[in-house]
Amino acid sequence: MGVAAACILSSSTGVPDAREAQLPQKSGRKSAAAAQPKGVQKIKIAFVRSIVISIFLRTALPVAVFLAALVVSSNNAFSHGFAGNRFFPATLSTDDPFVSDELSLPTVSSIVTPDEGGTRDTELSVDIAKRITRDFGIEAGETFLTLHPRDERSVSGFGNLELGAKYEFFENDEHESILSLGLGVEVGGTGSECVGADPFSTWTPALFFGKGLGDLPQGLPLLRPLVITGVIGVAIPTSASTCTFGMNQETGENEVDIERHPNVLQYGFALEYSLIYLQEQVKDIGLRPPFDHLIPLVEFSLETALDRGQGGQTTGTINPGVIWSGKYFQVGAEAVIPINSRTGSNVGFIAQLHFYLDDLFPHSIGRPLFGGNK
């Protein structure tokens, strides 16, 4: 890709130098504990990248919605994200363990972070995943951010490009379980400094897991629709610290601000209760559309700094919400509740429209490049 995208400044003053906390994101995207560069920031412009992504954001959404309108169906013959009889939806705040062809367009989120006395962080994201083989896939994501400090003008720009790969190495249909390994990278210098995009890259190896409780005894029918998915990884920055040079306005002396970038343990899980599974695999209790396709869930997205003077500092959110899943797409929404003042003090939200490309286009772009039709 090119270098950083253009920033859109509403004012030359009051722009936050960094975001101490972000909305929890999927693998490869930094969240609350990740520190950003401080000091006066230089705006970098990447004209080509800005134009391409702007066109994509403006044109792809109407096309995707149009396709969804053509194919929307309550047919229960899912094929996306299965282990045995268990369907695993794509979670919003923590990455799911499946390798699949999918498109999140858009994911919209907003939360007030603690920096600058309270800054409204609103994000519009696009993520796409493509299978290379049945068990190995790659991912790419981009985010457009708007930061609005309290009593100041807002600043907007693109975050760093995010890339990832995932390998599904274990699946047990009888016990509805799955394990995957992943590696994500936030590519430093590809985003706008004015919204806190780091000039260095961050690599995140991670383990993903999923387990349905459908193998519980028949005497526990109400527990069998439960499922838990989760991820644990370590975000490793390629730069241990960042130096910012400036001048003290009062003394006129040169100053150096050194910000350290710790390795960060990232961990999260989602606890889901599938009414789809209850209706189809346990007992038909007479639910009708759209309630028979609901999956209430609670996600926990957390991270803890490990070293460089910040060890033990934990941030994160608890996100209760619901997903409605059809045959070709799903819609989800969650509240975003900070766990402490370091993360934030106000409840935010995240919402997502997510397409199952492997079900929409099973014989073309929704199939693995190598090794089979599905």
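Worth a mention:
- Size descriptors for the range 259-312 (Cα atoms only): Rg and Dmax, in that order, 19.7, 58 Å.
- Residue-by-residue Karplus 3J(HN,Hα) for the range 140-156, coefficients 6.51, -1.76, 1.60, Hz, glycine and proline x: 8, x, 9, 9, 9, 10, 10, 10, 10, x, 4, 6, 10, 7, 8, 9, 9
- Cα shape, the range 72-165, gyration tensor, a/c 1.5 rule: prolate
- A simple count of charges around Glu280, restricted to other residues whose Cβ falls under 11 Å of its Cβ and scoring Lys, Arg +1 and Asp, Glu -1, yields 0.
- Straight-line reach from Lys211: taking Cα to Cα under 12 Å and skipping same-chain neighbours fewer than 8 places apart, the aspartates and glutamates in range are Asp96, Glu171, Asp173, Glu174, Glu176, Glu272.
- For the range 142-231: rounded, prolate or oblate by the Cα gyration tensor [a/c cutoff 1.5]: oblate
- Overall form of the range 273-374 per C-alpha gyration tensor (a/c, 1.5; a/b vs b/c): oblate
- Within straight-line cross-link reach of Lys283, aspartates and glutamates at Cα separation under 17 Å, skipping those fewer than 8 residues along the same chain: Asp215, Asp292
- Förster radius 30 Å - calculated FRET efficiency between Asp151 and Asn248 (Cβ-Cβ, nearest 0.05): 0.75
- Whole-Hz ³J(HN,Hα) from phi, Karplus 6.51 cos²θ - 1.76 cosθ + 1.60, for the range 264-274, glycine and proline x: 10, 7, 10, 8, x, 8, 10, 9, 10, 10, 8
- Here Ser239 and Leu287 are evaluated by their C-beta separation; at R0 = 51 Å the FRET efficiency comes out at 0.45.
- In the full protein context, the range 301-374 carries 42 Å² of accessible surface per residue, based on a 1.4 Å probe and ignoring ligands, DNA and RNA.
- The range 240-280: relative contact order as a whole-number percent, Cα under 8 Å and 6+ apart: 33
The values are calculated or read from the model by the stated rules, or taken from the named source; none is laboratory data. These numbers were taken from a predicted model, which means no experiment stands behind them. Reconstructed Cβ throughout: ideal geometry from the backbone, glycine too, with neighbour counts over all protein chains shown. Remember, those area values only see protein heavy atoms, side chains included, never the ligands or the DNA or RNA. Shrake-Rupley method; radii C 1.70, N 1.55, O 1.52, S 1.80 Å.
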